[in-house]
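The values are calculated or read from the model by the stated rules, or taken from the named source; none is laboratory data. Please read these numbers as outputs of a predicted model, since none were measured by experiment. We place every Cβ from the backbone using ideal geometry, glycine too, and count neighbours over all the protein chains shown. Accessible surface is based on the protein model in full, side chains and every heavy atom, while ligands, DNA and RNA are left aside. Shrake-Rupley method; radii C 1.70, N 1.55, O 1.52, S 1.80 Å.
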Amino acid sequence: MNGLDAAITQYIDPYYLRIMILLGINIILALGLNLITGVTGQLSMGHAGFMSIGAYTSAILSMQFGFSYLMALLAGAAVAAFFGFLIGIPTLRLEGDYLAMVTIGFAEIIRVFFLNFEPGGKAVGLSGIPQHTNFITVWLIALLIIALNTRLLKSRMGRAFYAIRENEIAAASTGIDTTRLKILAFTAGSFLGGLGGGLYSHYMYYINPQDFGFMKSIELLNMVILGGMGSIPGTILGSFILTLAPEMLRIVAEYRLLFYGALLVILMIFRPNGILGDVRIYDLKKRWGRKEVKTCQS
Amino acid sequence: MIRGRKSRWAMLLCLLLAVALLAGCSSNKEAAEGNKDADKSQEEAIKLGFLGATTGDVANYGIPGKKGMEMAIDDLNAQGGILGKKVEGVYEDNKGENSEIALIATKYITRDKVVAMVGDPCTGLTKVAADIAQKNKVVIFSAGATGTGVVEIGDYVFRNTLLDQFAVPSVVDWMMNSKGWKNFAIITSLNIGYSTALTPVFQEAIKAKGGKIVIEDTINNGETDFTAQITKLKNAGADVLVFTGYYREAALLQNEAKKQGLDITLLGGDGLYGHDLIKLGKDAVEEKVIYYCGFSSDQPSPETDAFIKKYVERFKEQPDMFSAQYYDAVMILAKAMTDAKSTDPAVFKDELARLKDYPGVSGNTTFRADREPIKSPICLITVKDGEFFLLEKIPVKVQ
Amino acid sequence: MFWEQLLNGLTLGSTYALIALGYTMVYGIVQLINFAHGEIYMFGAFAGLILVSFFGFNLIAAMLAAMLFCMLLGILVERIAYRPLRGKSSRLSALISAIGVSIFLSTLMALMAGTNTHRYPEVIAHQSYHLGSLDLSLMQILILAVSALLMIGLQFMVQKTRIGKAMRACSQDLDASYLMGINVNRVISFTFAVGSALAAAGGVMVGVYYNAVWPYMGMMAGLKAFAAAVMGGIGSIPGAMIGGLSLGIMEIMGVAYLSSSYKDAIAFGMLILVLLIRPQGLMGQKISKKV
Amino acid sequence: MPVLTLEGISQEFGGLRALDGVNMVVEEGEIFGIIGPNGAGKTTLFNIITGIYVPSEGDLIFKERRINRMATHNIARLGIGRTFQNIRLFNKLSVLDNVRVGSHGISRSGFFKSLLGLPSMLREEKEIKSRAEELLELVGLYDKKMEYADNLAYGEQRRLEIARALALKPSLLLLDEPAAGMNSGEKVELMKFIEQIRQEMKLTILLVEHDMSLVMTICERIAVLDYGRKIAEGPPEEIKNDERVIQSYLGVGA
């Protein structure tokens, strides 16, 4: 696999390669958040918290306990999933806005925890993390996640997640255990958050708690919202745009956040479902079909 | 149905990505081909990459650093460049973010083909860039990283700062013997690496010299309410407050202390350097804040004097430690390349490692065998009449 | 030391309470966490700074002018970012729009004023009074007094005036109020205006008290004030006051007697705890789900 | 044999007594109507039966099982399907998916099975889909199966809600004002349809309705609620002539 990576790396500009790898990681992170917020409708504003748990856990495991790369990644993701499960429990009782506050609070607590966490180097951060993550591993995992996610959302479970977002009471009256599924979505989403964090730390060589602040959570949320809540291609598109745009807009970097903020407001007013949120091949086909008919008549 | 045919969408997107990827490859080829042409012109230009933030929280270290670097490059070119080649600086803003500096370092190395990078002023960010530089065999020369674990990354990694672990024992010595302060209070900025790394250095030095730490506390960088900490401090009976964080919080701490009627001197590292310290603290910091650093524009050596004059003429402001260190870094790199008669990082890095007693504008620099810099003397700076003022120069004793 | 720390906590707490009041009022009526509220507080602080340092206003005049300015800003934000969404979009969309406004405003200020911290001129000379072993500063007295005054005024307005009645009606049922002939849009604008004015007052006082304002001061203060509002029971005015004061005291006491390392964790830890044990908050009423 | 038995059901909302000691027995295979003026507690009764509210007092027995404190989804899985007074569809899901979600309670593939796409899961998916299509055919929405639910006309949405409830293969179907907003022609069709599904699917139907004529025509037995109390129960003829019913409810219109 390393040979394959070397072969590919040879042909790609390392600068692009770096962006591509970050894109892959962002897609994994955003798909996790999409499952929680886009699909199941539980607003989570602390995804960076899960990312940091995965990043630190996997980094410490592979640096100090000699875990293999894959095992460290999985362990990091599993620990993040466990915390996602714990945080998922409040969803039993809380709705949208309150849940958002709890997730923000949780992510802040995690950040403060890592600021006081001796094995993680406190605020100095953790450096010397082995750089196992490369183009091939990231994209193999990302494609696998995309495939599994697609599969999941097309299944009975996926439909149930969407149903919870659309109408919780109606969902319950069709026999959906809304509480269990909300926790499940949270757990699965944070698993992906932790996985993305592990990939990130094994790519960046160095991490510190400030990498995973509130703004990072917002950035991930933007990816999901911009592309289209609940839509996998939408989320991928959102990650694509928001990973690449800052690179393209490097000259106007100062205005980047201004642009972000305005974008969110404009999007919510004019296209609350994101770019691809309610676009379906079916509708496109129908529209194209109609156009063809019209041209025939004229 | 939201999802129905989404798998096709997914495939479409994967295709799109693949196209983007190919575009990346082809433009790489173009770049590679372009480089062949560029190679000729590049033989004339030696490129140096600037690492530092010009926006964001740590911009006040990066901005003067960038100015120092620009001036050094212009000075070099005025003298005919390095080995007869023109020197060119490449400047990007890393905003003080890890992922940004990593991208920028990669860009410098692979697209701009720099031979060396100068910066970053922060230890953590330097580590990220240093890892990339080491792997790509390009020299990185930090002009500000004072924490541990930097040059250990590899033999392409250098820095020319006054290291805390060398400076602090001398400073503590001065506090105890010249000032007679025996009881110390230490406050750490919990959420910045610089501070959490500096605190243990002070703790060790104080313990080793027989001083007493009467109270330890923390604050968060970015907060404004320090009432509780000062109230605690008031009752602790400390002679001096060692604060290892940045200038903003130092000013606010002293403001609060003044309000609560606590008269105590605050001492810290070069994180306290920043004109906002004076702007924010006003009379609360007047002769009540001391910091140590490797550079002062007072009592300059002849080299430094010339540098200051030129700098003031050009930028209409006083140079600071970062402008001086970036300036020196570029000059030291130029010297190494000239002496090694090569612009190949693999060659001139060995020459660089042998640097001894270089009389820079930020003081004398020598690299130890482990490439750690030793700079002497240390300047102790305080605030007087609304200006930074050199209190004393003390020599560094390295064991 | 305990009493001094308690006083510190009360002072910090009353600034939280002032911000929390705005949150709670807006939430009570439109069920929206107005994330931009913290930024309005920041704009209020900056408006006061400019008035004091460039136009030589005294503290009270500056505070009143800043309150007026933020009223307009609050109404503007509501018009642009929230009103177009009302009724036709989900609450999630409104919340995201609020986050957008928050990011936009803080970045805007950072571009205009720079990211660094600005010193607030000393509008009133520092003065302290000794009460036994307790040091009480003039500024502390002022903050406590102004906060108390504003809160009492607000409570009076909501309970006794015509517009206050309309606000209470809207917080019960927006549609029904509309049918009863209440101009709902005007009431909502008014709510935003009042909430923003309170935040501005908080901003100016915090600026004067700590001598420092900066563009990113709104984010954390806003989050904490919201935590305070939720703790007190969102929608309840006395709840916001009690929540704010107790959060301030808890934070200061946490720093004073436990560890200052976990200061931020205290606020959010308490928030999560309160939501888990008593989701309606300390003073809130339990609302049963409508089916 | 009774399918559903309510024994002294009471419900209080902060001091307000919405239901007061309601007793009721619904027999297998019948169409049972509940009528009463606005605020009589009809919908509250439905919400209690489906577990959205837990009754303050009294017992709920479904096929010899107490379901008082059972969660909504578990009650649904026992075979109680329902529609809502204010239509609650999954708006941003297709018509087909709405019905497919309806069968959640009787299908089994879990998270990991769904993730991996095991053969048993795929088989089940096929079944769910073909059954959903059958149901759409039945309610006459097959041609619109790819539309978003919120693009349907009002009457179609009502029918879709019934189809979704039927996807659960319920033995007891609760219809909350199924004829609301329909014209008389549509109402006649609805009556036929209700009769038809009862026959074909061996359903017991409990319905809440405002429209007297509809209730009187298709219900075999009727209970009348007023201010949370049951004031009468019996076959339509009896109800029509009941003094108290006429006084409190019919009297207004008749």
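Details
- Evaluation of residue D:5 against the conditions (1) more than 19 Å from residue D:209 (Cα to Cα); (2) modelled with pLDDT of 90 or more; (3) touching a Leu at 6+ places or on another chain (Cβ under 7 Å) shows that the sole unmet condition is (3).
- Listing of helices (runs of 4 or more DSSP H) fully contained in the range A:168-271 that carry 1 or more residues being in contact (Cβ under 8 Å) with a residue 40 or more places away in the chain and open to solvent by less than 10 Å² (accessible area, probe 1.4 Å): A:178-204, A:214-227, A:232-248, A:256-270
- Residue in the range A:110-121 that is in contact with an Asp or Glu (Cβ under 7 Å, 6 or more places away or on another chain) and open to solvent by less than 40 Å² (accessible area, probe 1.4 Å) present: yes
- Residue in the range D:48-61 that is part of a helix (DSSP H, G or I), more than 13 Å from the chain's Cα centre (by Cα) and surrounded by 20 or more Cβ atoms within 10 Å (Cβ to Cβ) present: no
- In the range A:1-15, the residue that is nearest to the other protein chains (Cβ to nearest Cβ) out of those that are in contact with a Leu (Cβ under 8 Å, 6 or more places away or on another chain) and assigned to a helix (DSSP H, G or I) is A:15.
- Pair list, Cβ under 6 Å, 6 or more apart: the range D:155-172 residue on the phi > 0 side of the Ramachandran plot, other residue open to solvent by less than 10 Å² (accessible area, probe 1.4 Å) and part of a strand (DSSP E or B): none
- Every residue from the range D:111-121 that is part of a helix (DSSP H, G or I) and open to solvent by less than 80 Å² (accessible area, probe 1.4 Å): D:111, D:114, D:115, D:120, D:121
- Hits in the range A:80-90 - residues which are open to solvent by less than 50 Å² (accessible area, probe 1.4 Å) and either more than 14 Å from chain C (Cβ to nearest Cβ) or without any contact (Cβ under 8 Å) to a residue 24 or more places away in the chain (or both): A:80, A:81, A:84, A:90
- Within the range B:350-381, being over 20 Å from residue B:158 (Cβ atoms) and buried (at least 19 other Cβ atoms within 10 Å of the Cβ) holds for B:378, B:379, B:380, B:381.
- Flag if residue B:132 is crowded, with 23+ Cβ neighbours inside 10 Å, within 12 Å of chain A (Cβ to nearest Cβ) and either touching a strand residue (DSSP E or B) at 6+ places or on another chain (Cβ under 7 Å) or in a helix (DSSP H, G or I) (or both): yes
- Residue satisfying all of: in the range D:83-103; open to solvent by 10 Å² or more (accessible area, probe 1.4 Å) and facing another protein chain (nearest Cβ under 7 Å); nearest to residue D:138 (Cα to Cα) among these: D:100
- Qualifying residue in the range D:154-168 (condition: more than 10 Å from chain A (Cβ to nearest Cβ) and within 21 Å of residue A:157 (Cβ to Cβ)): no
- Candidates are the residues of the range C:111-122 that are at pLDDT 85 or above and surrounded by fewer than 20 Cβ atoms within 10 Å (Cβ to Cβ); the one that is farthest from the other protein chains (Cβ to nearest Cβ) is C:113.
- Of all residues in the range B:211-247, those being farther than 24 Å from residue A:116 by Cα and without any contact (Cβ under 8 Å) to a residue 12 or more places away in the chain number 1.
- Selection status of residue B:169, open to solvent by 20 Å² or more (accessible area, probe 1.4 Å) and touching a helix residue (DSSP H, G or I) at 6+ places or on another chain (Cβ under 6 Å): yes
- Of the residues making up the range D:78-103, those that are free of Cβ contacts under 8 Å to residues at least 60 places away in the same chain and within 18 Å of the chain's Cα centre (by Cα) number 3.
- Test: residue in the range A:176-198 that is more than 14 Å from chain B (Cβ to nearest Cβ), more than 21 Å from residue A:45 (Cα to Cα) and over 13 Å from the mean Cα position of the chain (by Cα): yes
- Single condition residue D:10 does not satisfy, out of (1) surrounded by fewer than 20 Cβ atoms within 10 Å (Cβ to Cβ); (2) hydroxyl-bearing (Ser, Thr, Tyr); (3) over 19 Å from residue D:224 (Cα atoms): (3)
- Residues that are basic (Lys, Arg) and facing chain A (nearest Cβ under 8 Å) were ranked within the range B:107-129; the one that is surrounded by the most Cβ atoms within 10 Å (Cβ to Cβ) is B:127.
- Evaluation of residue B:181 against (1) at pLDDT 90 or above; (2) farther than 23 Å from residue A:116 by Cα; (3) under 28 Å from the mean Cα position of the chain (by Cα) (one fails), failing number: (3)
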